[in-house]
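Reviewing the structure listed below.
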Amino acid sequence: MKAKFTQSFKIQAVEKALNRDRSMSLTLLADNLGVGYSTLQKWVRQSKSPEFEMHKETELRNTNSMSKEKRPQDWTQKEKLSMVINCATLSEEKISQLCREQGLYPHHVNQWREDLLSVNTQNDKVKSQGEMKMLRSENKALKRELRRKEKALAETAALLVLQKKVHEIWGNDEDNSQ
């Protein structure tokens with residue numbers, strides 16, 4: 001027996017396939033949706049045809065049409081930041097409602113938040129790496145100066161020892177002058 005899927009299910013499945021994380025394979029998504037991999041591939045191919053757009057528009061006429069909304073990857077950084085800030089104080093239910101109005105899924109907002117935090121962490125890491133490089137070069141210069149001063153001190157100590165031995169062997173100049 002062949003399974004029948006509604007047009008709205010097909011549209012949602014295609015949208016999930018097109019907007020999925022790159023870490024999730026199409027095969028895994030098809031399994032999660034309970035659809036065959038080749039069927040989902042066929043729906044994605046068909047979604048690029050104008051006929052599919054007509055079905056999609058008639059199906060979603062009473063709701064916000066996805067064709068009028070931007071895809072998550074089309075949002076600018078500024079818009080993403082604004083959405084993350086708007087969702088920061090909202091409950092899960094309100095976040096879901098706002099996301100539906102914007103044509104997003106809550107996981108998009110969560111991913112954007114993680115991306116923004118990771119950028120800040122990377123900037124901090126870069127600053128830390130720059131500071132580390134500066135500290136390493138300063139440390140290297142200080143070690144070089146310390147080695148130079150130790151050599152000078154050792155040379156001075158050796159000269160004092162030699163001078164002392166010379167005085168023992170030949171005596172002081174003061175002893176010779178008397």
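The values are calculated or read from the model by the stated rules, or taken from the named source; none is laboratory data. The model shown is predicted, which means the values in this text are computed figures rather than measured ones. Every residue, glycine among them, receives a Cβ derived from its backbone with ideal geometry; neighbour counts consider all protein chains shown.
If you go through the stretch 78-122 one residue at a time, how many are hydroxyl-bearing (S, T, Y), free of Cβ contacts under 8 Å to residues at least 40 places away in the same chain and surrounded by 13 or more Cβ atoms within 10 Å (Cβ to Cβ)?
1
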- On the given criteria, is E79 at pLDDT 85 or above and either within 24 Å of A17 (Cα to Cα) or more than 18 Å from the chain's Cα centre (by Cα) (or both)? yes
